[in-house]
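One structure is given here, and the rest of the page talks about it.
The values are calculated or read from the model by the stated rules, or taken from the named source; none is laboratory data. The structure presented is a predicted model; accordingly, all values stated were derived computationally and were not measured. Cβ coordinates were reconstructed from backbone atoms using ideal geometry, including for glycine residues, and neighbour counts include every protein chain displayed.
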Amino acid sequence: MDFDINLMKDERCTLVRVQGDIDVVSRARFEEALFEVVDAGEPMVVDMRQVTFCDSTGLNAIVAANRRAGEHGGTIALVALPPRVQRVFRITGIDKFVPIYDTLREAIGALPSTTTS
């Protein structure tokens, strides 16, 4: 499956929709998109429901973006990982420091509030 990535902004976050394989071929494009959102200081939710494969280069891109988000005071959440992909995140322990949610609603609901009272 070909790789594709789309960024959609709303009032709470930037939604990054990823499709296909995240591997050595697509890593640069994937990481560039993640860093673009992180560097803008916006909370990011990465919708991975259509990811068919994620190798170590994809994991490294997510770890690097998460680290960079932390340095910028931002947040990253992953949502709807297919079981095969989620297993890789569990085995490597990445799920311990990058939040993973089952639904988009859960992920957006867990984001820090941007409203001021």
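Of the strands (runs of 3 or more DSSP E) lying entirely inside the range 12-87, those containing at least 1 residues that are touching an Asp or Glu at 6+ places or on another chain (Cβ under 7 Å) and of a type in the set (Phe, Trp, Tyr) span 44-54. Screening the range 39-51 for residues that are at pLDDT 95 or above and either more than 10 Å from the chain's Cα centre (by Cα) or over 25 Å from Pro112 (Cα atoms) (or both) and picking the one that is surrounded by the most Cβ atoms within 10 Å (Cβ to Cβ) gives Val51. Of everything listed in (1) surrounded by 14 or more Cβ atoms within 10 Å (Cβ to Cβ); (2) among the aliphatic types (A, V, I, L, M); (3) without any contact (Cβ under 8 Å) to a residue 12 or more places away in the chain, the single unmet condition for Ala61 is (3).
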